Amino acid sequence: MIEDLLAALVPNVSIALDTRKIDRNIELLKNEVWFEDIYNEEKYRKLFFVNRKVRRYLQNTRRVKRMIKKEKIQNAFITFLNKQL
């Protein structure tokens, strides 16, 4: 809904997801034990590839780097994933 409003207001703004950036960030996260455990679960792995909200979340490199460093952000991400199931 918000995307539609933005597109209507500013038609030249791209709201497409950057697949290479998302994939690169997933690769960064796969080096983390806590993420590897999540990634190996089929129910979560599907979200990383098909859920637009999850992919948009993972597109932000700064957010991903904070997630790697801070357990609180990791827990928030896991909660976010569970809400997307």
- Item | Extended-chain gain in nm, criterion 0.36 nm per residue less alpha-carbon gap, K65 and R45 | 5.2 nm
- Simple spin-label estimate for I15 and K72 in nanometres, 7 Å along Cα-Cβ: 3.1
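Normalised by the residues of the range 15-85, what does the relative contact order come to in percent, with Cα pairs under 8 Å and at least six apart?
Numbers: 48 pairs, mean separation 24.8, N = 71.
Contact order relative to length: 35 percent.
A short reminder: the numbers here are calculations on the coordinates, not readings from a lab. Everything numeric here is computed off the predicted structure, so don't read it as measured data. With ideal geometry, Cβ positions are generated from the backbone for all residues, glycine too; neighbour counts draw on all protein chains shown.
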